[in-house]
Amino acid sequence: MVRRALEDAVQTALKTLGLDLRLKVAKAPKDKPGDYGVPLFALAKELKKPPQAIAEELKGRMELPPFVEEAIPVGGYLNFRIRTEALLEEALRPKTPFPEREGLVLLEHTSVNPNKELHVGHLRNIVLGDSLARILRFAGRKVLVLNYIDDTGRQAAETLFALRHYGLTWDGKEKYDHFAGRAYVRLHQDPDYPRLQEGIEEVLHALERGELRGEVNRILLAQLATMRALNAHYDLLVWESDIVRAGLLEKALGLLEKSPHVFRPEEGKYAGALVMDASPFIPGLEDPYFVLVRSGGAATYYAKDIAFQFWKMGLLEGLRFRPYENPFYPALRTSAPEGEPYTPRAQETINVIDVRQSHPQALVRAALALVGREDLARGAFHLAYETVLLEGRQMSGRKGLAVSVDEVLEEAKRRALKVIEEKNPDHPEKEKAAGEVALGAIRFAMAKTEPRKQIDFRLDEALSFDGDTGPYVQYAHARAHAILRKAGSWGQPDLAKATPYERALALALLDFEEAALESAEEKTPHILAQYLLDLAAAWNAYYNAKEGGRPATAVLTAEEGLRELRLALVESLQKTLSTGLGLLGIPAPEVM
């Protein structure tokens, strides 16, 4: 990979100047000489030299990779021009997954309460988690995707209670999770809600005993239909009732109580409770004590999160798994008392949870360190993300102010079908293409934004065939595929016939693997999404290039040798877009 090879060469040269630094190489601006460049301003103070002088000296000390034609000092930058033939060869090289590395990554995402339908606020979690799992696998990681089912939580209890309390019977006309969700909302709008708590508690205790699993599973199956429609994949379901039955909480508390930082104060506001002093691992806390077990004996959700994390990383055993009967995921396994023992022993975990859970996730890492596993604490990553607005509005499932994912998918498909009928009335499979465009619009809208930034999801914008959208990238892919379909087969390209237009397109193709690796390393798909937008823009610029009012980059009618080169570049572009869209869980339509 070009960029990383340049970074290696720069790092080696800097060592001769007494600096062990790795500087980031980036694309050079179009108005500057060279293809890539590295800024050197940050070194001026340490080397006591102006950046321009550092660039000149670094050029003299660098052993340039063979694909570099020239190193060019430009102000405080050292830029690099890539040899055209090497650039084209790299651009035409197939982009295949990286070799598999040692160590399991366990990625938990979705984990929606099994009490009602999924709403738009859940979309971001699902898309972030599923896309990152795909990207990590491409980057050579072994990934196991887990979906946590909180079947002993209050939300599930309230839905099941409401269905019974109001005597509701499903008529099969709507999805079952929507039917159950309406009962949940009705309960919270009921003036008698405060007087119904005893009945809700009875259902809650029955759930904890695992007596109502079938009723929860009925809701879960309806939710899984939505997850499948979103093209999300899972390997394991873990039910909280199984965690309770396996005694993981008690086992985790036993490990924690061996630490001097976990104790029971005899006086003060924490008297009688089991508390954890997190100050050695989370500095700057105003109150470093966190309750694991209240004085009355009830465990906090902090303790439950810690116990589950200990199981994920192999510090505890006790869960069993069997195949999960469902029509959507044939290989899916579920925790179950009658299953076979399994413990993942993950070296790394990624928990996709919104930013409001940052503090509990920090406590999970602190707990791993408290039991002497700082290595595992470093491997526990919280992929925190901000909330999603819908057309500028906050959502609340409890108040019934949410729009379901099913509704959004259906509306997106309806609008996409209308656009396709206008743009391509002779499309052979309009319905199929509309579904692919709708999915691309929704998933790309969730993936393209850095997770820590809030999203205001607007369907009209997401479905646009122009701008930073999924359909824009999908359309670029379809346009490339149309050219290849017309071309049929072709011979060997003549690299020597490349024009500056081919060079620019090849340069855009070069950074796909870099973007995928960086997305994997930074644990965010937005880096790859932005690269795909840039690549689609480069392709559109190439496709529409003109000289003297005439097309400058005609592919099928180009002279021999150049035609083959252009076709090879278009094929590489089409495959790269298809692979990249696939890593975001988005279909790559051949016709739009």
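The values are calculated or read from the model by the stated rules, or taken from the named source; none is laboratory data. Computed from a predicted model, the values in this text were never measured in an experiment. Quick reminder, even Gly has a Cβ in these numbers, built from the backbone with ideal geometry, and neighbours come from all protein chains shown. For the accessible areas, the whole protein counts, side chains as well, though only heavy atoms, and no ligand, DNA or RNA atoms are used. Shrake-Rupley method; radii C 1.70, N 1.55, O 1.52, S 1.80 Å.
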Query raised in the report: Is it true that A232 is within 30 Å of A180 (Cβ to Cβ), among the small types (G, A, S) and out of contact with any Phe, Trp or Tyr (no Cβ under 7 Å at 6 or more places or on another chain)?
Result: yes
Query - Given (1) over 23 Å from E502 (Cβ atoms); (2) of a type in the set (A, V, I, L, M, F, W, C); (3) out of contact with any Phe, Trp or Tyr (no Cβ under 8 Å at 6 or more places or on another chain); (4) at pLDDT 95 or above, number of the condition A55 does not satisfy - result: (3)
Report summary line: Residue count, segment 216-250, condition closer than 22 Å to L583 by Cα and hydroxyl-bearing (S, T, Y), comes to 2
**Report entry** Flag if R452 is of a type in the set (K, R), within 23 Å of the chain's Cα centre (by Cα) and in a loop (DSSP other than H, G, I, E, B)
**Finding:** yes
Requested in this report: Could you check, for segment 515-535, whether at least one of its residues is at pLDDT 95 or above, aromatic (F, W, Y) and within 30 Å of K453 (Cβ to Cβ)?
Outcome: yes
Requested in this report: Show the residue pairs that are 6+ apart or on different chains and have beta-carbon atoms under 6 Å apart, the first residue being within segment 283-301 and under 15 Å from E257 (Cα atoms) and free of Cβ contacts under 8 Å to residues at least 60 places away in the same chain, the second being among the β-branched types (V, I, T) and surrounded by 15 or more Cβ atoms within 10 Å (Cβ to Cβ).
Outcome: Y289/V275; V291/V275; V291/T300; A299/V293
Query raised in the report: surrounded by 15 or more Cβ atoms within 10 Å (Cβ to Cβ) and either more than 22 Å from the chain's Cα centre (by Cα) or without any contact (Cβ under 8 Å) to a residue 24 or more places away in the chain (or both): does that describe A367?
Result: yes
Requested in this report: Considering only segment 32-106, give the strands (runs of 3 or more DSSP E) lying wholly within it that have at least 2 residues that are free of Cβ contacts under 8 Å to residues at least 24 places away in the same chain.
Outcome: 68-74
Query - Members of segment 145-189 that are crowded, with 16+ Cβ neighbours inside 10 Å, touching a helix residue (DSSP H, G or I) at 6+ places or on another chain (Cβ under 6 Å) and of a type in the set (F, W, Y) - result: F161, Y176, Y184
Query raised in the report: If you go through segment 66-82, how many residues are within 30 Å of D494 (Cβ to Cβ) and surrounded by 15 or more Cβ atoms within 10 Å (Cβ to Cβ)?
Result: 9
Report summary line: Considering segment 258-274, residues that are crowded, with 18+ Cβ neighbours inside 10 Å and in contact with a Pro (Cβ under 8 Å, 6 or more places away or on another chain), and then whichever is nearest to V352 (Cα to Cα), we arrive at H261
Query raised in the report: Given (1) more than 23 Å from the chain's Cα centre (by Cα); (2) surrounded by fewer than 16 Cβ atoms within 10 Å (Cβ to Cβ); (3) modelled with pLDDT under 95, where does K432 come up short, assuming only one miss?
Result: (3)
Query raised in the report: Within segment 438-454, how many residues are open to solvent by 10 Å² or more (accessible area, probe 1.4 Å) and of a type in the set (A, V, I, L, M)?
Result: 2
Requested in this report: Give segment 353-363 a look and list any residue that's out of contact with any Ser or Thr (no Cβ under 7 Å at 6 or more places or on another chain) and either touching a residue at least 60 places away in the same chain (Cβ under 8 Å) or not in a helix (DSSP H, G or I) (or both), or say none.
Outcome: I353, V355, A362, L363
Report task. Hey, could you check segment 515-530 for residues that are open to solvent by 20 Å² or more (accessible area, probe 1.4 Å) and within 14 Å of F444 (Cβ to Cβ) and say which is farthest from the chain's Cα centre (by Cα)? Result -> Q530
Report summary line: Checking G210, G214, G199 in turn, the sole residue that is within 25 Å of L249 (Cα to Cα), touching a Phe, Trp or Tyr at 6+ places or on another chain (Cβ under 9 Å) and surrounded by fewer than 19 Cβ atoms within 10 Å (Cβ to Cβ) turns out to be G210
Query - Scope segment 482-540; condition outside any helix (DSSP H, G or I), closer than 20 Å to A26 by Cβ and either in contact with a Cys (Cβ under 9 Å, 6 or more places away or on another chain) or of a type in the set (S, T, N, Q) (or both); matching residues - result: T524
Query - Residue that is in a helix (DSSP H, G or I) and closer than 25 Å to A447 by Cβ, where the choices are R134, R182, R164, R186 - result: R134
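Residue by residue, here is whether (1) open to solvent by less than 60 Å² (accessible area, probe 1.4 Å); (2) of a type outside the set (A, V, I, L, M) holds:
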residue	(1), (2)
L316	yes, no
P323	no, yes
P327	no, yes
E338	no, yes
T343	yes, yes
D354	yes, yes
Query raised in the report: Which condition does A331 not pass, out of (1) in contact (Cβ under 8 Å) with a residue 40 or more places away in the chain; (2) open to solvent by less than 80 Å² (accessible area, probe 1.4 Å); (3) closer than 30 Å to G214 by Cβ, if it passes all the others?
Result: (2)
Query - Members of segment 277-306 found to be in a strand (DSSP E or B) and either open to solvent by less than 50 Å² (accessible area, probe 1.4 Å) or of a type in the set (D, E, K, R) (or both), listed by number - result: D277, F290, V291, L292, V293, A299
Query - Selection status of L383, open to solvent by 20 Å² or more (accessible area, probe 1.4 Å) and part of a strand (DSSP E or B) - result: no
**Report entry** Matching option when the condition is farther than 30 Å from F381 by Cβ and hydroxyl-bearing (S, T, Y), among T96, T110, T84
**Finding:** T84
**Report entry** Criterion: among the polar types (S, T, N, Q) and either part of a loop (DSSP other than H, G, I, E, B) or under 30 Å from L409 (Cβ atoms) (or both) - qualifying residue of S241, S259
**Finding:** S259
